[in-house]
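Working notes for the structure below.
The values are calculated or read from the model by the stated rules, or taken from the named source; none is laboratory data. As the structure is a computational prediction, the values presented were derived from the model and not from experiment. Cβ: placed from backbone, ideal geometry, glycine included. Neighbour counts: every protein chain shown.
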Amino acid sequence: MTSNNNISIQQEFEVSPPLLWKYLTQLEHMQKWFFAALTSFEPTRGFKTFFAFQYINKTFTHQWEVREVIMQEKLCLGWQYKEYPGDSEAIFEISSSPKGCILKLTATILSPFPEMEEFSRESMQSGWTDLIQTRLKAYVNSL
């Protein structure tokens, strides 16, 4: 589901909200499903980290800042790139469900990125869908 500036993805997991929170916020788990190049992370408001990611002969240095944290419920990451203008947020929200919990990811463009294929709506939708519904789901199911 998308709106003009949002990409929204939901996925149900058969684990408790505290366990999913651990997979979303602890470095050793994040490196396995999110980005292996991530070298530090703390779910603490104001925490900043960066890491480079190569994609089709281009470098994308991710610059993250934790903007909001409600333990085991909500994590908001500011998301920018060193090499390109633009600003976005990725909000991860966990709610209980009869089978375990539901993760809702909302990615919002706050100021536009350059008009490049990598920043197209289709590319971003595909990337987030792969991360949440394929990689995170497979990781959680493997534990």
- Message: Scan the stretch 95-107 and tell me whether some residue there is touching a Pro at 6+ places or on another chain (Cβ under 7 Å), modelled with pLDDT of 95 or more, among the hydrophobic types (A, V, I, L, M, F, W, C) and under 18 Å from LEU24 (Cβ atoms).
- Response: yes
- Listed by first then second residue, the pairs whose first member lies in the stretch 119-143 and is under 14 Å from LEU20 (Cβ atoms) and in contact (Cβ under 8 Å) with a residue 12 or more places away in the chain, whose partner is charged (D, E, K, R) and part of a helix (DSSP H, G or I), with beta carbons under 6 Å and at least 6 positions apart or on separate chains, are TYR139/LYS32
- Query: Identify, please: which residue in the stretch 14-34 is part of a loop (DSSP other than H, G, I, E, B) and touching a residue at least 24 places away in the same chain (Cβ under 8 Å) and is, among those, surrounded by the fewest Cβ atoms within 10 Å (Cβ to Cβ)?
  - Reply: GLU14
- Given (1) surrounded by fewer than 16 Cβ atoms within 10 Å (Cβ to Cβ); (2) farther than 19 Å from TYR139 by Cα, where does GLU65 come up short, assuming only one miss? (1)
- Message: Between ALA107, ALA52, ALA37, ALA90, which is surrounded by fewer than 15 Cβ atoms within 10 Å (Cβ to Cβ), under 28 Å from GLU12 (Cα atoms) and among the small types (Gly, Ala, Ser)?
- Response: ALA37
- Have a look at LYS99, LYS82, LYS58 and point out the one that is touching a residue at least 60 places away in the same chain (Cβ under 8 Å) and more than 23 Å from SER8 (Cα to Cα). LYS58
- Query: Failed condition for MET124, given (1) assigned to a helix (DSSP H, G or I); (2) closer than 21 Å to SER40 by Cβ; (3) aliphatic (A, V, I, L, M), with all others met?
  - Reply: (2)
- In the stretch 44-57, the residues that are outside any loop (DSSP other than H, G, I, E, B) and polar (S, T, N, Q): THR49, GLN54
- Message: Considering only residues that are more than 15 Å from the chain's Cα centre (by Cα) and either on the phi > 0 side of the Ramachandran plot or touching a residue at least 12 places away in the same chain (Cβ under 8 Å) (or both), which ones fall in the stretch 62-71?
- Response: MET71
